[in-house]
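A short worksheet on the structure shown next.
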Amino acid sequence: MKGRVEAIIGAQWGDEGKGRVIDEFGDRFDIFARYQGGANAGHTVIVDDKKIVFHSLPSGMLHHGKLCVIGNGVVLDPELLLTELRELQEKGMDRARLIISRAAHVVMPYHKVLEKAQEKFRGKGYKLGTTNKGISPCYVDKYTRSGLRFEDIINEHKLRSKLEGILEEKNMILTRLYNESPIAFSEVFDSARHWGRELAPYIADTALEINEAINNGKSVLLEGAQGTLLDIDHGTYPYVTSSSPISAGGCIGMGIAPKSIDRVLAVVKSYSTRLGEGPMPTEVNGGIGKYLREKGGEYGSTTGRPRRCGWIDMVALSYSMKINGADAIIITKLDVLTGIDKIKYCTAYEVDDNLYHSFRSEFDFLFEAKPIYEEIPGWSEDISECRRFEELPLPAQNYIRIVEEHCKVPVIFIGVGPQRHQLIDLGF
Ligand code: IMP
């Protein structure tokens, strides 16, 4: 019998708390599979007061006997991956088996140099505020068919012949267009050969393995990085990442059929955050924005940059639900809202004296959009020990119901604290 396949995606601008939620699902799935993005992601898990941040590894890595898969849609920085693997080994926490798609692309040192040069060239007006992890230049090479895949770096002969041509072109761009220094072939070749040797045991035909596993009844959790509003097609372009964090991205980035996904779980943070540039209608500078940043620890887990914060945006969320075909919502960080006297939520945008109830991803529309808020009383009780919905203070229950009403999707999990098991399960 076919195994269950579920996709977990971020419904906002990333950093919704997906890593922590996925870690919580350790005993519910056999396979954890990352399908897009790269080390621009930062999935934080807290175990026994120890904070562990995964940038490249799937968040299920801490669970005994599970299979973790890095799919073809991911762009992987081998140096960072090896560091993450080593750290887990040293802590004795490398409990899952890992396989990496032979078709996943390698983030090379020149990708990072190119990205920095490009951002500098763009200047302030058109800067994207990327994470500087070489993600977009790596995806660019994928689509211009001049990328290196893991199948290339585990074969020394192939690596040498491909890299020679690629590096010649990159050096031309670096020196003639961006006025940067060229990169020595021997340096890049030696690093890539080393990565190939170290990672060869992990390289596999992941699409075949995962399909076979599903056919043999194994359950799979497809793990999206970033969030819907950063999607290359459906996000706030050009202020987006270069991959498809939405649920459909799971099919392409892993090589499984759309009809095999049984359920889509959308992770929604109780308020809004955004890292880097781009429109964010409900951003609040100072005041509640600052309060949420400090109380929620809203600093980038990859870059340490402060995240922009504000009230929850129902207009954007209901768009996300549609794009992803969300079946259920997981709310995170509800405890961060404790102690706020009046909680606001955005239900419409005003642009040029017109009221809009539906989202449009064009950035100029969103930059203009003035949020229209409704307001409810907050709560002051500590909710971190609540394990049943009925134990939540009534205003907190009300807030959850309002999210459901606007998204037209049921909430099935509520995060009430950062530790494992600080969750309310409403019938997962
Ligand atoms: P890139 O993915 O590094 O190209 O960055 C593009 C945009 O996506 C920037 O605004 C980043 O701050 C944002 N971004 C990328 N990854 C994440 C993430 O995991 N969480 C939140 N924002 C992200």
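What follows draws every value from the coordinates through simple rules; no lab data is involved. Here the structure is a predicted model, which means the values were calculated and not measured. Positions of Cβ are generated from backbone atoms using ideal geometry, with glycine treated the same way; all protein chains shown enter the neighbour counts.
Beta carbons within 10 angstrom, averaged per residue: use that to sort the peptides 281-288, 242-249, highest first. Mind showing how you got there, number by number?
On the way: 281-288: 15.8, 242-249: 25.6.
The packing order, highest mean first, is 242-249, 281-288.
Taking a ≥ b ≥ c as the square roots of the Cα gyration tensor eigenvalues, the stretch 105-199 comes out prolate, since a/c reaches at least 1.5 and a/b is larger than b/c. When each of the peptides 364-370, 79-85, 324-330 is scored by the mean number of other C-beta atoms lying within 10 Å of its residues, the order from highest to lowest reads 324-330, 79-85, 364-370. Sorting 4-10, 352-358 by average packing, meaning the other beta carbons within 10 Å per residue, from highest down gives 4-10, 352-358. Taking the chain as a Gaussian network of alpha-carbon nodes connected by springs under 10 Å, the highest mean-square fluctuation of the residues Val409, Val45, Val140 belongs to Val140.
With both residues required to sit in the chain, DSSP beta bridges show an antiparallel share near 40%. Counting neighbouring beta carbons within 10 Å and listing from fewest to most, the residues Lys218, Lys18 come out as Lys218, Lys18.
Sort Ser380, Ser318 by Cβ crowding within 10 Å, fewest neighbours at the top. Can you show the working numbers first?
Numbers: Ser380 11, Ser318 19.
Lowest count first: Ser380, Ser318.
The base-10 log of I(q)/I(0) for the chain, evaluated at q = 0.06, 0.08, 0.09 Å⁻¹, reads -0.25, -0.44, -0.56 [Debye formula, identical scatterers on Cα atoms, solvent excluded]. In terms of surrounding Cβ atoms within a 10 Å radius of their Cβ, Arg122, Arg160, Arg20 rank from fewest to most as Arg122, Arg160, Arg20.
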